[in-house]
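Enquirer: One structure is given below, represented as C-alpha coordinates, and several questions about it will come after.
The values are calculated or read from the model by the stated rules, or taken from the named source; none is laboratory data. Values in this document were obtained by computation on a predicted structure and should not be read as measured data. Backbone-built Cβ (ideal geometry, glycine too); neighbour counts: all protein chains shown.
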Amino acid sequence: MDADLQRKTENFAISCPLSLIEDRDMLAFLAILIQDHDHLREKLLTEPDRRKRREKLDAMRHFLKFKALSCDDYEMAEAARAVGQQPIYEEQRKAEESRIWMPPSFVHEVRG
(Lines give C-alpha, C1' and ligand atoms only; values in the text may rest on other atoms or scores of the structure.)
Protein backbone atom coordinates (compact mmCIF):
# COMPACT_ATOMS: atom_id res chain seq x y z
CA MET A 1 0.00 0.00 0.00
CA ASP A 2 1.50 3.33 -1.00
CA ALA A 3 1.34 6.42 1.21
CA ASP A 4 -1.47 8.04 -0.80
CA LEU A 5 -3.74 4.99 -0.53
CA GLN A 6 -2.97 4.65 3.18
CA ARG A 7 -3.87 8.31 3.78
CA LYS A 8 -7.15 7.88 1.87
CA THR A 9 -7.97 4.75 3.87
CA GLU A 10 -7.24 6.52 7.16
CA ASN A 11 -9.38 9.50 6.14
CA PHE A 12 -12.23 7.19 5.18
CA ALA A 13 -12.03 5.29 8.48
CA ILE A 14 -11.97 8.47 10.55
CA SER A 15 -14.73 10.31 8.68
CA CYS A 16 -17.08 7.40 7.98
CA PRO A 17 -19.88 6.75 10.50
CA LEU A 18 -19.40 3.51 12.41
CA SER A 19 -22.78 2.34 11.13
CA LEU A 20 -21.26 1.98 7.64
CA ILE A 21 -18.27 -0.11 8.77
CA GLU A 22 -18.98 -3.83 9.08
CA ASP A 23 -15.66 -5.44 8.13
CA ARG A 24 -13.70 -6.66 11.19
CA ASP A 25 -10.37 -5.76 9.56
CA MET A 26 -11.57 -2.20 8.97
CA LEU A 27 -12.78 -2.03 12.60
CA ALA A 28 -9.31 -3.14 13.76
CA PHE A 29 -7.71 -0.52 11.50
CA LEU A 30 -10.05 2.14 12.85
CA ALA A 31 -9.23 1.16 16.43
CA ILE A 32 -5.55 1.81 15.78
CA LEU A 33 -6.45 5.36 14.72
CA ILE A 34 -8.60 6.10 17.79
CA GLN A 35 -6.73 8.51 20.07
CA ASP A 36 -8.55 8.53 23.41
CA HIS A 37 -11.84 7.89 25.22
CA ASP A 38 -13.55 11.00 23.83
CA HIS A 39 -12.59 10.09 20.28
CA LEU A 40 -13.89 6.54 20.81
CA ARG A 41 -17.13 7.82 22.36
CA GLU A 42 -17.76 10.12 19.40
CA LYS A 43 -17.13 7.30 16.92
CA LEU A 44 -19.22 4.72 18.82
CA LEU A 45 -22.24 6.95 18.90
CA THR A 46 -22.32 7.16 15.11
CA GLU A 47 -23.76 3.61 15.29
CA PRO A 48 -27.45 3.98 16.22
CA ASP A 49 -28.09 0.27 16.92
CA ARG A 50 -26.99 -0.42 20.52
CA ARG A 51 -26.43 -4.13 19.89
CA LYS A 52 -24.19 -3.48 16.89
CA ARG A 53 -22.42 -0.69 18.81
CA ARG A 54 -21.48 -3.16 21.55
CA GLU A 55 -20.33 -5.77 19.03
CA LYS A 56 -18.18 -3.24 17.19
CA LEU A 57 -16.64 -2.00 20.43
CA ASP A 58 -15.76 -5.59 21.34
CA ALA A 59 -14.18 -6.08 17.90
CA MET A 60 -12.10 -2.92 18.30
CA ARG A 61 -11.20 -3.33 21.99
CA HIS A 62 -8.02 -5.39 21.47
CA PHE A 63 -6.55 -2.92 18.99
CA LEU A 64 -7.03 0.29 20.98
CA LYS A 65 -4.01 2.03 22.53
CA PHE A 66 -5.82 2.31 25.86
CA LYS A 67 -8.14 0.16 27.96
CA ALA A 68 -11.65 0.73 26.66
CA LEU A 69 -14.56 1.15 29.05
CA SER A 70 -17.92 -0.52 28.67
CA CYS A 71 -20.33 0.72 26.05
CA ASP A 72 -22.66 1.87 28.86
CA ASP A 73 -19.89 4.12 30.23
CA TYR A 74 -19.49 5.83 26.87
CA GLU A 75 -23.25 6.25 26.53
CA MET A 76 -23.43 7.83 30.02
CA ALA A 77 -20.48 10.10 29.15
CA GLU A 78 -22.35 11.25 26.05
CA ALA A 79 -25.46 11.94 28.12
CA ALA A 80 -23.33 14.05 30.50
CA ARG A 81 -21.77 15.90 27.57
CA ALA A 82 -25.21 16.55 26.10
CA VAL A 83 -26.26 18.46 29.23
CA GLY A 84 -23.09 20.52 29.32
CA GLN A 85 -20.84 18.46 31.62
CA GLN A 86 -17.37 17.43 30.51
CA PRO A 87 -17.15 13.63 30.80
CA ILE A 88 -14.37 12.58 33.18
CA TYR A 89 -13.11 9.05 32.78
CA GLU A 90 -11.66 6.96 35.59
CA GLU A 91 -8.08 7.29 34.29
CA GLN A 92 -8.33 11.09 34.27
CA ARG A 93 -9.83 11.16 37.76
CA LYS A 94 -7.06 8.95 39.18
CA ALA A 95 -4.35 11.04 37.51
CA GLU A 96 -5.83 14.24 38.93
CA GLU A 97 -6.09 12.76 42.44
CA SER A 98 -2.50 11.52 42.41
CA ARG A 99 -1.03 14.76 41.02
CA ILE A 100 1.53 16.37 43.31
CA TRP A 101 1.06 20.11 43.47
CA MET A 102 4.09 22.27 44.20
CA PRO A 103 3.62 25.28 46.46
CA PRO A 104 3.89 28.65 44.74
CA SER A 105 7.45 29.92 44.37
CA PHE A 106 8.41 33.53 44.92
CA VAL A 107 12.13 33.07 44.11
CA HIS A 108 11.72 34.67 40.71
CA GLU A 109 10.26 37.91 42.08
CA VAL A 110 12.57 40.92 42.15
CA ARG A 111 12.28 43.03 45.22
CA GLY A 112 13.38 46.60 45.01
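Enquirer: Return the residues of the range 18-63 that are more than 24 Å from Gln86 (Cβ to Cβ) and of a type in the set (Asp, Glu); say none if nothing qualifies.
Expert: Of everything in the range 18-63, those that are more than 24 Å from Gln86 (Cβ to Cβ) and of a type in the set (Asp, Glu) turn out to be Glu22, Asp23, Asp25, Asp49, Glu55, Asp58.
Residue-wise test of (1) loosely packed, with under 13 Cβ neighbours inside 10 Å; (2) at pLDDT 90 or above.
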site	(1), (2)
Arg53	no, yes
Lys65	yes, yes
Tyr74	no, yes
Gly84	yes, no
Gln92	no, no
Ala95	yes, no
Ser98	yes, no
His108	yes, no
Arg111	yes, no
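Enquirer: Quick check on Ala3: is it surrounded by 12 or more Cβ atoms within 10 Å (Cβ to Cβ), more than 21 Å from Asp73 (Cβ to Cβ) and either in contact (Cβ under 8 Å) with a residue 60 or more places away in the chain or of a type in the set (Gly, Ala, Ser) (or both)? Show your work before the answer.
Expert: Values: surrounded by 12 or more Cβ atoms within 10 Å (Cβ to Cβ): no; more than 21 Å from Asp73 (Cβ to Cβ): yes; either in contact (Cβ under 8 Å) with a residue 60 or more places away in the chain or of a type in the set (Gly, Ala, Ser) (or both): yes.
No: the conditions fail for Ala3.
Enquirer: Quick check on the range 11-32. Is at least one of its residues surrounded by 13 or more Cβ atoms within 10 Å (Cβ to Cβ) and among the acidic types (Asp, Glu)?
Expert: no
Enquirer: So, in the range 44-87, of the ones that are of a type in the set (Lys, Arg) and over 12 Å from the mean Cα position of the chain (by Cα), which residue ends up nearest to Met26 (Cα to Cα)? Let's see the steps before the verdict.
Expert: Filtering the range 44-87 for residues of a type in the set (Lys, Arg) gives 50-54, 56, 61, 65, 67, 81.
Then drop every residue that is not over 12 Å from the mean Cα position of the chain (by Cα), which leaves 50-54, 56, 81.
Working: Arg50: 19, Arg51: 19, Lys52: 15, Arg53: 15, Arg54: 16, Lys56: 11, Arg81: 28 Å.
Here the answer is Lys56.
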